[in-house]
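Quick notes on the structure that follows.
The values are calculated or read from the model by the stated rules, or taken from the named source; none is laboratory data. In this text, all values refer to a predicted model and were calculated from it rather than measured experimentally. Positions of Cβ are backbone-derived with ideal geometry, glycine not excepted, and every protein chain shown enters the neighbour counts.
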Amino acid sequence: MPDSSDPDLNGTPLPQGSSGWIKVRGAREHNLRDVAVDLPRDCFVAFTGVSGSGKSSLAFGTVFAESQRRYFESVAPYARRLMSQVGAPEIDTIEGLPPAVALQQARGGASTRSTLGTLSSLSDVLRLLYSRAGTYPADAEHLPAAAFSPNTAVGACPACQGSGIARRTTEALLVPDPSLSIDEGAIGVWASRAWVGQNVRRMVTKLGIDIHAPWHTLSQHDRDWLLFTDEEPRMLLQGNKHGEASTYHGHWSSAEKYLMRNLARTQSPAQREKLEAFVADGPCRTCDGKRLRPAALAVTFAGLDIAAMAALPLSQVCALLDSGLADQARGTDRHGAAAASAARSLVKDFGARVESIISLGLGYLSMDRSSTALSPGELQRVRLAGQLRAGLFGVLYVLDEPSAGLHPADSAALYAALRDLVAAGNSLFVVEHDLSIARQADWVVDVGPSAGVLGGHVVHSGPPTALADVEGSETADFMFDRTAPPALTTRTPTAWVDFEPISRHNLRDVEVRLPTGVLTVVTGVSGAGKSSLLTAMVEQLEASAAASQAEGPRRIVVIDQKPIGRSPRSNLATYTGLFDPVRRLFAATPEAKDRGWTAGRFSFNVEAGRCPTCEGEGFVAIELVFLPTSYSTCPTCRGSRYDPETLEVLYRDRDIGQVLAMTVHEAAAFFDDVPPVQRALTTLLDVGLGYLTLGQPATELSGGEAQRIKLATELQRPRREGTVFVLDEPTGGLHPVNVRDLVRVLDRLVEAGDTVVAVEHDMQVVAAADWVIELGPGGGDRGGTVVAATTPVELLDVVDSVTAPYLRAAVERG
C-alpha cells in the first residue's frame, strides 16, 4: 500500500506541513471527465479555471459532497431530515478525506427579520448585556433578554409586531394636488361627489373651513385636523332627501381614519386598488421604526438604546461599549458590582466576535442590516468569521470565491484570515478567480481547458509557480502576465447629467455628475457607499425619465443579481426567449404537422405535451418519512420533461428534451443557421455563459449568472436612444478571460450610443472605463465621500485614491 507521503500522480512531492493526500479517482460529476487527482491535506489549495470549467464540481460537487455523505451515514435517520444535504457524487473512490464544512455563496434568508446580528449571534450577546447590565429608568422592572428581541412576543412592538414598518399615509399622499380646493376634490379619498363626498363637504363647511379655498392656503392646523385628528365630533347638518330639505346628524372621521377603516373592510379589488394609492409603508410611529416595546427602548448602555446601538457600524460599537464600561467603573450608571462584572464579561465576548468580522473587511456593516441586504460575498465572510472563532481542528473547509465583492485593497485581510484556518490545523479548498489569492496558495488545481463539454479536465495540479510551464492554461496566461495589459483610452461623453446632492446611509450630500454615451465605473473599498450611490442615481434618473424630459436619459435598465425566476420551470431558454422559436421549429416539422400539433405542444408547462408523472419538472420529489425529501430524475421521462409521444418528433435527429439538455456552446453549433435562435445564443456566449444548458433551472443559477443572462437578453433587443444600463459588480464569478469578454460586450453597448454605469472592483473593467467615480477613503463611517471623479489616466495620479496603485499595477504589468 503506498505511503501517504509519496508523490502525487504527477510525481510532485507532498508540500511541507501536509499530513498526506486526499486521493480522488474517477470523478464524473457534471462535466468532469473521469478526473483523477491528489490534493494535499493541511494546505491552502486554490481551484482555478474559466467559468464553467468544472472547478466547483470538483471542490463542492465531489470532495465536499462525498465528505458530507459519509458523515450523514453516521447520523440517525430522524436527525438527517433536519439537515440540508447534497446528493452522492458520481465518483469511483476518495481516500484520505477529512470531515468537511462548506461555506458557499448564497443569498440571505427571505425574512427581513433575519439580520447580521442574528446570523452572527452578536444580537444574543447584546441582548444579554442590556438585560443584565443596562441602565434602567427609575422603578422600572428588570427585563429578560427576550424582551430586547423584536422577534419575540415580549419584545416586539405591539403596533407593528416587531417589523418596524407600518402602513401609513401622509398629507402628500392624501392631497395629490394642493392647488385644488376641497370642493374640487383636493382630499383624494373624498374627491367623489357621491353621498360620502357631499357629506364631508357639508361637515367641513359646518366646521367653518372654506371648501372653495385652494388647499395650500388653509392653515397647517386646519389641514392636519382634517386629515389626521383623533376627534370624532357629531354635528347637525342640512341635507336634501328626495328633493326636499332635511336635517341629519353627521359623524366626523379624519381622512386617515376613513382610509384605514375602508382598506380593512373592503372586499372589492377595484376599491382596494384605488385606496392603496393613498398609503405607503413607513416607520412605525409607536416605536419609530425600532421594532421594540417602549420598555425595552427605555433601557440604555453607554447612553444608547439597543436599537440605536445595533444601527451603528461594527467598527464603532466596541469603542462605545468600552465607554459604557468606563461609566460603570466610575459609578455613573447606578449599577453595583454584579452588574459591572456581567458587563465586562459580555463586552469581552462581544468584542471577540466583532473583531473576527471586522478583520474580514466588514466593519462597515451594522447589526441591524437585514440578511436580505447582504451580498453573497458578505454573507460568506460573516460565516467565515464564525468559523475562525470556532477553533476547529482537522476540518476541511471548502469556500466559494471568498473574495467576491472585495476591492483589491481588502484582499490582504481575507488572505490572512484564510491562513489562520490552515495554521489552526485545517485543510482549506478555495474556488477562486482572484489570482492574487491563488498566487499565495500552497497548491493550485487548474480545471479546464475551457468551459462545459470543453472543460472537466485537470490542466494542472501542483505548486502555483509550476503553472507557468503549462501550455493552454487560460489561468496561467493571466497569472503570469502573458496577456496584453489593458490600454487606457478615453471616449468623449455626449453630455453630462447632474444629480441632486445625495444623502443615504453613509453618503452625506454627495454631488456627482454622470457622463452619457460612455462607460462609468463606481469603485472603492467595501462599504464605501457605492451601491447606495448607484441606487440613488437610478432613482433620480428614473424620475427624470418618467417626467419625459426632452434632454437626458429616457430608458433606465437596471441589470441586478436577483434571480430570473423562483421556480425550476423558469430557465435560461424561457427567460431569454430563445425557446419560442425552438418550439416553432419543432411544430414546423412534417411529423408535428401530420399530428396537428402547434408550438404549444412543445411547452413543458402545457398539460398536453408534458410528462404526466413529473408535470414537466424533469424530476420527482420522494417523501421518505423520517428522511429528508429526496429529488430523483423522473423515472417516466428520465429528466426530459415531456411525454413519449412528444419526444417522437425530431428536429435534425434531436427531440425537444435533448435540445434543452444542450449547452449554449452545443446549441450554437446546432442552430447555426437559425437566426432567431442564434441571435440569443450569440449574446449568451458573449457574456461567458456558453457552459450553461438551455434548460438550466433558474433556481440553480448564481447571482452573477442571473445578471449576465439579463444582460444577454437586453443585448438582443432593438437599441433605443437615451438608454442607460446599470450593473452591480457584473464580473462576479468570472475568470479573468471571461472578464475580458464582458468588457468587450460593455464596449459594444457604448459604441451603439448607450450609457453604461457599473459598480466594479475588477481592474480590467476600471481600466476600460471612460470615467471613474471612487468613493472612500474607507468603509462605513470612514467612507461616503467622493475621493475622485475623473478619467482612469488621471486617477493614477490621485494621491488619496486606494484604487490607483492597483490600477497602475494592472496597466504597467509585463
Some residue of the stretch 232-245 being closer than 30 Å to G164 by Cα and modelled with pLDDT under 95: yes
Single condition R748 does not satisfy, out of (1) over 27 Å from the mean Cα position of the chain (by Cα); (2) in a helix (DSSP H, G or I); (3) not hydroxyl-bearing (S, T, Y): (1)
Selection count where residues are assigned to a helix (DSSP H, G or I) and at positive phi, scope the stretch 417-456: 1
Any hit, the stretch 434-452, residues being surrounded by 22 or more Cβ atoms within 10 Å (Cβ to Cβ), in contact with a Cys (Cβ under 9 Å, 6 or more places away or on another chain) and touching a residue at least 60 places away in the same chain (Cβ under 8 Å): yes
The stretch 765-805, residues that are outside any loop (DSSP other than H, G, I, E, B), modelled with pLDDT under 95 and crowded, with 20+ Cβ neighbours inside 10 Å: G776, G780
Verdict on L507 being outside the structural domain of E794 (by TED's automatic domain parsing), out of contact with any Phe, Trp or Tyr (no Cβ under 9 Å at 6 or more places or on another chain) and farther than 30 Å from V459 by Cα: no
Test: residue in the stretch 3-21 that is of a type in the set (V, I, T) and either in a strand (DSSP E or B) or under 14 Å from V458 (Cα atoms) (or both): no
Residue satisfying condition, being under 33 Å from the mean Cα position of the chain (by Cα) and surrounded by fewer than 24 Cβ atoms within 10 Å (Cβ to Cβ), within set F60, F47: F60
Conditions (1) modelled with pLDDT of 90 or more; (2) farther than 30 Å from G164 by Cα; number of the one not met by S253: (2)
Residues being free of Cβ contacts under 8 Å to residues at least 60 places away in the same chain and not in a helix (DSSP H, G or I) - total across the stretch 345-374: 2
Out of L406, L414, sole residue that is in a loop (DSSP other than H, G, I, E, B) and either modelled with pLDDT under 90 or not assigned by TED's automatic domain parsing to the domain that holds S53 (or both): L406
Some residue of the stretch 388-405 being among the hydrophobic types (A, V, I, L, M, F, W, C), farther than 22 Å from Q16 by Cα and surrounded by fewer than 23 Cβ atoms within 10 Å (Cβ to Cβ): yes
Any helices (runs of 4 or more DSSP H) falling wholly within the stretch 516-617 and containing at least 1 residues that are charged (D, E, K, R) and in contact (Cβ under 8 Å) with a residue 60 or more places away in the chain: 530-546, 579-587
Matching option when the condition is outside the structural domain of E273 (by TED's automatic domain parsing), aliphatic (A, V, I, L, M) and either in contact (Cβ under 8 Å) with a residue 24 or more places away in the chain or loosely packed, with under 14 Cβ neighbours inside 10 Å (or both), among A186, A213, A153, A194: A153
